[in-house]
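What follows draws every value from the coordinates through simple rules; no lab data is involved. Note that the coordinates shown come from a computational prediction; the quantities given were computed from them, not determined experimentally. For neighbour counting, all protein chains shown are included, and Cβ atoms are generated from backbone atoms with ideal geometry for every residue, glycine included.
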Protein chains: 2
Amino acid sequence: MAGSEDMGGEKGGQHTSEAVKTVVVVIAMQAEALPLVETLQLVEDEQISVFPSGVPWKKYSGEIDGLDVHIVVPGKDKTLGVDSVGTVPCSLLTYASAVALRPNLLINAGTAGGFQAKGANIGDVYVATEFANHDRRIPIPVFDKYGVGTIEATPTGNLIRDLKFKEGKLSTGNSLDMTLQDEEYIKANDATVKDMEGAAVAYVANMLAIPLISLKAVTDIVDDSKPTVEEFLKNMSMAASALSNAVPLVLKYVSGKTVADLHSS
Amino acid sequence: MAGSEDMGGEKGGQHTSEAVKTVVVVIAMQAEALPLVETLQLVEDEQISVFPSGVPWKKYSGEIDGLDVHIVVPGKDKTLGVDSVGTVPCSLLTYASAVALRPNLLINAGTAGGFQAKGANIGDVYVATEFANHDRRIPIPVFDKYGVGTIEATPTGNLIRDLKFKEGKLSTGNSLDMTLQDEEYIKANDATVKDMEGAAVAYVANMLAIPLISLKAVTDIVDDSKPTVEEFLKNMSMAASALSNAVPLVLKYVSGKTVADLHSS
């Protein structure tokens, strides 16, 4: 949706010409977030001041390189105690954080599966150039396109080049495995990386016209013979460590810049 | 989750002992909502007063049987013009409406596929007794249960009996079709009806501890030989008409009662 730049250089009504001041970093898993919270020396605050009572969401805040930085995580499922992964909790958290904190930049950082056929290696950090869904099949004309829900990313060519990230398209689904139908849609989405939240975060960012940078660290290669779950669990802390390097680099880079500055003109 | 009633008759912290005053009815498709808006003579208001600017969400409000009633729909996709069906838009709309309007009862009304093996017929209106997901496969211990995300419904035995609704378990996924994997999960979820939003609305209602009644009108039989899409499109307006009868009956029934009154004691 949106995606094209208008003549003023703004993407889909996004305010890309104002200096970045407040950044919200959305992270689905606590194990992905905590190394970064420690690196940035952020402080967990009383979430009740920002979010309604009862929600399991966590917020860690501080000032980094002159920016107000908030890391938000959807927290633990109240009954089962595991991280609230997937599209619904992350979209709710992104929405609530955006409305309460009014960031002028969102970052979604997390782990992803990568396709070696597209050049992905374990440990790579990708910036998503496009978002789509691979598990929303609605075989009615136009609804079929809505289900895929392609959204072009906020353009950040300078940042990708200067910080030496890889770039590629991201496809999102609510399952860690991949069925034949998922695979078909992932191929149609031309995806290099696959995750469980990205397109939902992008949907909210796009709806509220907030620029978004999506950083995805590869924990497993989807198109090899090794089982996804084992690779994911084995490489999880390495990927979290890659993110705890990448996010501070991005924060340092965007400080003093506008979002429009992040893209080659 | 929650689900068990404590000794005070409250479900998972839900306020079931106060008289119902404000009701928010969440409906995914405009064609499902408009006959009901007309029947209830609700008025579309300026959504900007309740929701942030830029969102496509619609709200129709009025006083019915002494209740403040608001019908909310996620509206049309900005780029493609089709209804914003599926879990993410409906969970966001439910969350934003609940925070802004503070209802003490949520109703999710919509269409569903039904399983004839479980006794469902086209045109039946079901009240969901349990919610689960069938397209969130996470094959890691505990995360597997989180993916399914079973939530017991707010108990409404009296209402179901007195208004002669059918009752059954609801399974939700973001696709209109059904893959072999979906079918396996739907069977494991013991579902009688299948939709594209219910479990996500229930997730938000449960998180915010707001009682929820889910009314699902059957547009198509999933386990017969007729194609789902054709049946869905053919029976859509009949199902919308069934809902525009059922929802006013529910509003009339709950008026002057507490949510605890809706359940046989």
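Just to be sure I understand the rule: take each whole DSSP H helix in chain A, project its Cα atoms onto its long axis, keep it if the span is 27 Å or more and its mean Kyte-Doolittle hydropathy is at least 0.0. Which ones pass? List each step's numbers first, then the result.
Numbers: long enough: A:228-254 (35 Å, 0.67).
Answer set is A:228-254.
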Exposed GluC sites (Glu not before Pro) absent: longest stretch of chain B, with sites in DSSP loops and at most 16 other Cβ within 10 Å deemed exposed: B:47-265
Bridge type composition, chain B - antiparallel percent by DSSP, nearest 5: 40
The protein assembly as shown - share of DSSP beta bridges that are antiparallel (%, nearest 5): 40
Whole-number D in µm²/s for the stretch A:35-254 (Stokes-Einstein; Kirkwood sum over Cα pairs; 10 °C, 1.306 mPa s): 89
Principal axis box of the protein assembly as shown, alpha-carbon based, largest edge first, Å: 67, 50, 46
Square roots of five times the Cα gyration tensor eigenvalues for the stretch A:167-251, Å: 22, 19, 10
Amide H partners (placed H, <5 Å) of residue B:126, local residues excluded: B:216, B:217, B:218
Residue-averaged beta-carbon neighbours from other chains (10 angstrom radius) around B:132-139: 6
For residue A:15, label point 7 Å along C-beta direction: distances to other copies, nm: 3.4
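Of the trypsin sites (Lys or Arg not before Pro) in the stretch A:162-265, which ones lie in a loop per DSSP and count no more than 11 other C-beta atoms within 10 Å? Could you put the intermediate results ahead of the total?
Values: sites: A:164, A:166, A:169, A:187, A:194, A:216, A:234, A:252, A:257; in loops: A:164, A:257.
Sites meeting the loop and neighbour criteria: A:164.
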Label distances, nm, residue B:255 versus same residue in remaining copies, Cβ-directed 7 Å point: 6.1
Fluctuation leader among B:159, B:212, B:176 - chain B, Gaussian network, Cα springs under 10 angstrom: B:176
Other-copy label distances relative to residue A:31, 7 angstrom Cα-Cβ extension, nm: 4.5
Positive dipole terminus of the protein assembly as shown, leading residue within A:72, A:244, A:123 (C-beta point charges): A:72
J(HN,Hα) series, the stretch A:16-22, from Karplus relation 6.51 cos²θ - 1.76 cosθ + 1.60, nearest Hz, glycine and proline x: 9, 9, 9, 5, 5, 10, 10
³J(HN,Hα), Karplus 6.51/-1.76/1.60, whole Hz, each residue of the stretch A:111-117, x for Gly, Pro: 9, 8, x, x, 9, 5, 4
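Percent relative contact order of chain A, based on C-alpha pairs within less than 8 angstrom and at least six residues apart?
Reported as a whole number, the value is 28 percent.
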Highest-fluctuation residue, B:73, B:99, B:85 considered, GNM on chain B with Cα pairs under 10 Å: B:99
Length-normalised contact order of the stretch B:157-265 in % [C-alpha pairs under 8 Å, at least 6 apart]: 31
GNM result for chain B, Cα springs below 10 Å: residue of B:214, B:241, B:53 fluctuating most strongly: B:53
Derived scalar couplings ³J(HN,Hα) [the stretch B:127-135; Karplus, 6.51 cos²θ - 1.76 cosθ + 1.60; whole Hz; x for Gly, Pro]: 9, 6, 9, 7, 10, 7, 10, 10, 10
Residues whose placed amide H lies under 5 Å from that of residue A:169, excluding near-sequence neighbours: A:129, A:192, A:193
